[in-house]
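The structure appears right after this line, and notes come after that.
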Amino acid sequence: MDRKKRNGWKRLTALLLCILYGSAIILSTTGCGRTAAEIPSAEGTEEGSSTEETESSVAAMGRYMESATPLPEGADSEGRTMTMLSDNRLAYFDVEAGLVLSEDEGKSWSPAETYSNIVPRDGFVNNSSIAPDGSLILCHVQSLPNQELVYNIIGMDTAGNKREVPGRLEDGDYINKVFAKSETECFGSTVSGKICSIDWENGKVNLLFTLSEQPEMMAFAGTQLLCLGNSGVAIYDTEQGSMLERDTVLDDYCKNNLKGRLNNTSGSYGGIVLPGEEDTLYIADSSGLYRHVRNGSVMEQLVEGSFSSFGDPMLGMCALVRLESGEFLLLTTGEDLIRFTYDPNEPTVPEKQLKIYSLEENFSIKQAMALFQKQNPDVYVKYEYTYDFMEKDSSMTVTDALKNLNVELLGGTGPDVILLDGMDASVYSGKGMLADLSPVLKELVDQQAVFENIASAFKQENGTFVIPASFGLPLLFGRQEDVEAVKDMDSLAAVVEKLRQENPEGSITGAFSARQELLQLMEVNSVGWLDGRELDTQAVSNFLNQALRIYKADMQGVGKEELEIWGETERAWNLGSLASLTAGDMIKIMAGTADNMLMDMGAVSKVVEEQGYVFDLWPGEEGTGYLPMDKLAVSASSTQQEQAVNFVKLMLGEEYQKMNTGSGFPVNRAAFDSQDETDGEMSMGTGWKIGGKDMQFSYGYPTEAVATRVKELAQNAEISLEGNVVLEEAVVEFGVQVLTGSMSVEQAVKEIQQKTAIYLSE
């Protein structure tokens, strides 16, 4: 496999291991040095004193500042890793650069004399590890013509000799992560949590123990093997052959901070554990870098994630090294090696603060924060949200969260920048809570820098108080005659019923539960449920009646196994996932939102080519349009108006929008046009099993014709189709009962009306 083709395989492993839903989901200044012993330690102080913010007339001083150091020439992200050798040389490896060494802590590099290229030409390296003695181990993945993946463990001893062991276990499981302690002690983990030792002499892997989850990474402290995961750090003594007592403080930290944030199948890490001096451990994740004395009572934060590269969601962490000087070197998937140097003369927290709020955790905001922080190192960007990403398991309801926000904004203590996704923007602008962003919009429109129809979604006669940074396009996708027949919900229901008659088995739309059906259908229809601040009961009644027709027709042919796999899906499919379900001829007409050129339109492009399907804007009761996303607003009471406006400009600018990989097509035209700029082939995909048959769906970038068509639709989208989140939640709550037969449409409308009455009257 040539190098250009190899580039297309870099992310394939994680995607193929995912269940279909969510499969498309997947970075300064240098001051004076100071040794670790001189840095104030939290251990032995009052519990929590190191991590809590305190009000004081005297600013706390001392902070790790970061600077960038170039990586070795020709460095690539595939198989990237780094470690400190026992002779104090820094060792780095990736597929392109090979094994290189540095005697000056990364300032210069030279090839390792013992290294010969042990990487096969075909397939790709999922991850790798260098032992302190200089030996190397890597996990190599090869795809066979039948799309089966073969995992092999390849190693190089200290003399440069290659060795290889099959990564497949006797039960069919396979090792996809490897970690080296020495040339004779190497370990691997499987996606099901099996931890194995690599037996080079006998050419096999031996099971040591099994965890409830695959660890994100493993590290070594003496005879102990440390396994970092969502639930904490499991500790195994390799000499005793037994698990050791858990560190409850460390485990609690992991449970509270790492849950759902680790990507256990990728070549980089969402969290790192690094054994330090004596009984010290260092933990790194997106919230920063922490020091912890084992079995101590405190997690001491050394580096705050929100104003450092630790918190940059564009960067995956590949390795962390602590130097004798007390400095840290962070290796990421980015273009530079990042050095953290302690400067006692820098304030612990920058005096200027910019507060940002969103209802749900938003990674686009985090990407923008990382860039803004680098451009404004004297500003502390503080980000708060009510709900973790995709997890609304908080005891606080959306209504209560919004009431709290209203009180803060009216009292002048609220955030400076607000991401209004999931909120009714008109409530805030109507009550004078938001600053007028008309000058920002005018500048962008005059420069023809944005899609004017979308950027002006919230423009009013008295000003523009909200500007969306991105958008989604609700699209209808299927056979041309079916797509052209849909004009509203009634005609969509008729098409689904017709398709059910033609296809007795399988799903027609890809919805596998009443909740999911409602979430899919309301994307273009909920915008018509309100007349001013009054509930349009007729519109809601019509929606539920038509949704019931579609749901009945849809579920008639769905089998038990399909329901077991997808029946518990809690969110609406994006268009890319729906297109993936066409594998095996499963879906006949797709109604969903596209918001990513690769993950959504790449999948759509494949089905267009193979099945001759077409796509167009999805018409709802109010017409065709777009869904504004990343809706930016500035508080009218903010004391940091200039910085807040600058942050909004950054999120709407070409530099940020080109680098943003979050959800949503960029509203910036130049960034939109750059989405199909590639440096080689890319292969994305997913796989699942149903009816005893393995299903695979892989695809690449969309064709030029598809990308051009998407831009045309974006320019022609007429209106914002955004609905009211509180009303939508009520319709889903009672609509599920309608679709499952436990409540009539009439009763559901009354319940919806009653539940939302107070909210709509405010």
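Residue pairs whose Cβ atoms lie under 6 Å apart, sitting 6 or more positions apart in sequence or on different chains, and linking a residue in segment 745-762 that is in the same structural domain as residue 546 (by TED's automatic domain parsing) to a partner that is surrounded by 14 or more Cβ atoms within 10 Å (Cβ to Cβ) and among the small types (Gly, Ala, Ser), are 745/541; 749/541; 752/730; 755/730; 756/730. Scan segment 244-266 and give yes if some residue there is among the basic types (Lys, Arg), within 24 Å of residue 196 (Cβ to Cβ) and surrounded by fewer than 22 Cβ atoms within 10 Å (Cβ to Cβ), otherwise no. Within segment 244-266 (the criterion being among the basic types (Lys, Arg), within 24 Å of residue 196 (Cβ to Cβ) and surrounded by fewer than 22 Cβ atoms within 10 Å (Cβ to Cβ)), the answer is yes, since at least one residue qualifies.
Just one of the listed residues (237, 252) is touching a Gly at 6+ places or on another chain (Cβ under 8 Å), in the same structural domain as residue 280 (by TED's automatic domain parsing) and not β-branched (Val, Ile, Thr), and it is 252. Filtering 606, 649 for residues that are out of contact with any Cys (no Cβ under 9 Å at 6 or more places or on another chain), assigned by TED's automatic domain parsing to the domain that holds residue 455 and of a type in the set (D, E, K, R) leaves a single hit, 649. Could you look through segment 605-632, keep only residues that are part of a helix (DSSP H, G or I) and polar (S, T, N, Q), and pick out the one that is farthest from residue 473 (Cα to Cα)? So, considering only residues that are part of a helix (DSSP H, G or I) and polar (S, T, N, Q), the one farthest from residue 473 (Cα to Cα) is 611. For segment 306-338, a residue qualifies if it is farther than 25 Å from residue 96 by Cβ, acidic (Asp, Glu) and assigned to a strand (DSSP E or B), but none of them does. Here 618, 566, 573 are screened, and the one residue that is at pLDDT below 80, of a type in the set (Phe, Trp, Tyr) and either more than 15 Å from residue 713 (Cβ to Cβ) or surrounded by 20 or more Cβ atoms within 10 Å (Cβ to Cβ) (or both) is 566. Taken over segment 609-654, the criterion of being among the β-branched types (Val, Ile, Thr) and touching a Leu at 6+ places or on another chain (Cβ under 6 Å) is satisfied by 624, 648.
Counting only residues that are in a helix (DSSP H, G or I), buried (at least 16 other Cβ atoms within 10 Å of the Cβ) and touching a strand residue (DSSP E or B) at 6+ places or on another chain (Cβ under 8 Å), segment 478-504 holds 7 of them.
Per-residue answers, yes or no, for (1) modelled with pLDDT of 90 or more; (2) surrounded by fewer than 13 Cβ atoms within 10 Å (Cβ to Cβ); (3) out of contact with any Ser or Thr (no Cβ under 7 Å at 6 or more places or on another chain); (4) outside the structural domain of residue 449 (by TED's automatic domain parsing):
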position	(1), (2), (3), (4)
655	yes, no, yes, no
662	no, no, no, no
669	yes, no, yes, no
704	yes, yes, yes, yes
743	yes, no, yes, yes
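With respect to residue 165, determine if the residue is modelled with pLDDT of 95 or more, in contact with a Lys or Arg (Cβ under 7 Å, 6 or more places away or on another chain) and of a type in the set (Val, Ile, Thr). Against the criterion (modelled with pLDDT of 95 or more, in contact with a Lys or Arg (Cβ under 7 Å, 6 or more places away or on another chain) and of a type in the set (Val, Ile, Thr)), residue 165 qualifies. When 359, 409, 354 are checked against the criterion of being surrounded by fewer than 22 Cβ atoms within 10 Å (Cβ to Cβ) and either part of a strand (DSSP E or B) or hydrophobic (A, V, I, L, M, F, W, C) (or both), a single residue qualifies: 359.
When segment 155-173 is limited to residues that are farther than 19 Å from residue 215 by Cβ and aliphatic (A, V, I, L, M), the one that is surrounded by the fewest Cβ atoms within 10 Å (Cβ to Cβ) turns out to be 159.
All of 541, 507 fail the test of being of a type in the set (Ser, Thr, Tyr) and farther than 12 Å from residue 735 by Cβ, apart from 507. Within segment 53-76, the residues that satisfy the criterion of being at pLDDT 90 or above and part of a loop (DSSP other than H, G, I, E, B) are 71, 72, 73, 74, 75, 76. Taking the stated definitions as given, is residue 245 assigned by TED's automatic domain parsing to the domain that holds residue 317, more than 29 Å from residue 94 (Cα to Cα), modelled with pLDDT of 90 or more and part of a loop (DSSP other than H, G, I, E, B)? Yes; evaluated as a whole, the condition is true for this residue. Within segment 77-93, the set of residues being within 21 Å of residue 317 (Cβ to Cβ) and either part of a loop (DSSP other than H, G, I, E, B) or modelled with pLDDT under 95 (or both) comprises 77, 78, 79, 80, 85. Out of the residues in segment 296-315 meeting the condition of being under 22 Å from residue 105 (Cβ atoms) and not aromatic (Phe, Trp, Tyr), tell me which one is nearest to the chain's Cα centre (by Cα). Once the filter is applied, the top-ranked residue is 315. Within this structure, residue 202 fails the test of being part of a strand (DSSP E or B), surrounded by fewer than 20 Cβ atoms within 10 Å (Cβ to Cβ) and of a type outside the set (D, E, K, R). When we screen 176, 152 for residues that are surrounded by fewer than 22 Cβ atoms within 10 Å (Cβ to Cβ) and under 30 Å from the mean Cα position of the chain (by Cα), the only hit is 152. The residue that is surrounded by the fewest Cβ atoms within 10 Å (Cβ to Cβ), among those in segment 576-601 that are at pLDDT 90 or above and of a type in the set (Gly, Ala, Ser), is 594.
Scanning segment 550-561 for residues that are at pLDDT 75 or above, in a helix (DSSP H, G or I) and either over 27 Å from residue 626 (Cα atoms) or of a type outside the set (A, V, I, L, M) (or both) turns up 551, 552, 553, 554, 555, 560. Of 120, 132, 145, all but one fail to be part of a loop (DSSP other than H, G, I, E, B), over 23 Å from residue 75 (Cβ atoms) and not hydrophobic (A, V, I, L, M, F, W, C); the exception is 145.
The values are calculated or read from the model by the stated rules, or taken from the named source; none is laboratory data. Just so you know, these numbers come straight off a predicted model, no measurement behind them. With ideal geometry, Cβ positions are generated from the backbone for all residues, glycine too; neighbour counts draw on all protein chains shown.
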